[in-house]
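Worksheet: one structure, shown below.
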Amino acid sequence: MSLADVVIIDSGGANLASLRFALERLGARSVVSAEPAVVAAAARVLLPGVGAAADAMARLAAAGLIGTVRALSQPLLGICLGMQLLYEHTEEGATTGLGLIPGTVRRIPAAAGRPVPHMGWNTCHALRPDSLLAGIKDGEYFYFVHSYAAPVSASTSATTDYGGPLAAVVERGNFHGVQFHPERSGTAGARVLRNFLEF
Amino acid sequence: MRDGQVVKGVRFRDHRVVGDILALARRYRDAGADELVFYDITASPENRSVDCAWVSRVAEVLDIPFCVAGGVSTVAQAEAVLGAGAEKISVNSPALERPQLIDELARRFGAQCVVVGIDSQAADGGYHVHQYTGDAGRARDTRRATLEWVREVQQRGAGEIVLNCMAADGVRAGYDVDQLGAVRACCDVPLVASGGAGTAEHFATVFAAAGVDAALAASVFHSGELEIRSLKSFLRAQGIEVRP
């Protein structure tokens, strides 16, 4: 159905260009689609997400994609909000997520000298091996932009610290997620995407 | 940016061509820059928005965040720039014309995309915001107090503030630590220092003395006087956390 190496789910965010360009630089063919049949037939699926959780879930529902995504057996990588949508629930707009990873995504508490959104380069620390992080040294910097975060749980393979540990890389079966933006994270980010393309 | 090339002036005047956009973007990315900012300096004075064609070309080659500034005065223009691959948009003169623009952009794209650039210099014992600084003929003092504007843009949803200290711009004599410190005291969102970097010590000083979150520089890097990697090693040795 699709000759692309990866199908990017069109969740309505304004900025898919940087992700598409990042895949191009890796020599991967990508298509952007909200068609359930295209997504179901993909070799790999990327679930990006910029914007609000409730809007993104509403768009997935309107496109008839919720059941499709939940039934995927091929590798899926959620990026930023896309990772948060994998969880059961998010405080952002009190939204029900895809329920693929147990837990609730919560607002990051702001504090003096620690503004929210958490925005900028921050380090990642592995809790356990994850093939998404193959070849990446512990303490590597990635680029983050988020106001909500997933708790550290059994599905967390790496954390970042922002007033306490937050889930940065998650994995449950074929469902993977990164809270940072690999397409904005220089050489290390490109390696994460390449690792995903090699699954 | 002007006419498709990178230019740099001194105190916002006498701009000269520094080089090709893509070549410079690649060079700074490879040298370890954490983020790049592109100012289309004649966009607002010429009453036009930024040209999205070069934004897209930059996005094709850059895998670090970049911010685009230049005449964005509507949500639709911002959407085009972000859609072309920019991470953030920075508004300056159009936000002074119509402050409501900041609210609209933050509501539509989230505060993390919305940077407010402020061109400011000392006046009447305080600081004043200036407008249309990309065009020496149109540049003007708005008579607006900088600290009040800093508070207002945060209330309206600015996710980051870049403070361009005009008197220090391009002269490489150090950041305006007093002014940046005054702004820091009323700025809860990330604050980026701009204008005046000349040596590695200037960067260390602005982080330590003004408490800024990031330091922006152009002239010292364009001239090759400072190399980003050695600057970062220097800062790390001073105990300032930087990405290698």
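List of remarks:
- Considering residues of segment B:166-185 that are more than 14 Å from every other protein chain (Cβ to nearest Cβ), within 18 Å of B:H128 (Cβ to Cβ) and not acidic (D, E) only, the residue surrounded by the most Cβ atoms within 10 Å (Cβ to Cβ): B:L180
- Within segment A:52-110, the set of residues being assigned to a strand (DSSP E or B) and touching a helix residue (DSSP H, G or I) at 6+ places or on another chain (Cβ under 6 Å) comprises A:L77, A:T90, A:T95, A:V105.
- Within segment A:22-74, restricting attention to residues that are farther than 26 Å from A:A94 by Cα and touching a Lys or Arg at 6+ places or on another chain (Cβ under 9 Å), the residue that is farthest from the other protein chains (Cβ to nearest Cβ) is A:Q74.
- Residues that are buried (at least 18 other Cβ atoms within 10 Å of the Cβ), more than 14 Å from chain A (Cβ to nearest Cβ) and among the acidic types (D, E), drawn from segment B:11-50: B:D40
- Candidates B:L191, B:L163 - the one that is without any contact (Cβ under 8 Å) to a residue 40 or more places away in the chain and surrounded by 19 or more Cβ atoms within 10 Å (Cβ to Cβ): B:L191
- Qualifying residue in segment A:157-167 (condition: touching a Leu at 6+ places or on another chain (Cβ under 8 Å) and in contact (Cβ under 8 Å) with a residue 60 or more places away in the chain): no
- Residues considered: A:V38, A:V45, A:V105, A:V31. Of these, the only one that is closer than 25 Å to A:S185 by Cα, surrounded by fewer than 20 Cβ atoms within 10 Å (Cβ to Cβ) and not acidic (D, E) is A:V31.
- For segment A:110-162, residues that are within 14 Å of another protein chain (Cβ to nearest Cβ), more than 21 Å from A:T95 (Cβ to Cβ) and surrounded by 14 or more Cβ atoms within 10 Å (Cβ to Cβ) total 14.
- Taken across segment B:59-72, residues that are surrounded by 18 or more Cβ atoms within 10 Å (Cβ to Cβ) and more than 28 Å from B:L231 (Cβ to Cβ) do occur, with at least one present.
- Which numbered condition B:A209 misses (of (1) within 26 Å of A:P115 (Cα to Cα); (2) within 14 Å of chain A (Cβ to nearest Cβ)): (2)
Rule-based calculations on the coordinates, nothing more; no lab input. As the structure is a computational prediction, the values presented were derived from the model and not from experiment. Positions of Cβ are generated from backbone atoms using ideal geometry, with glycine treated the same way; all protein chains shown enter the neighbour counts.
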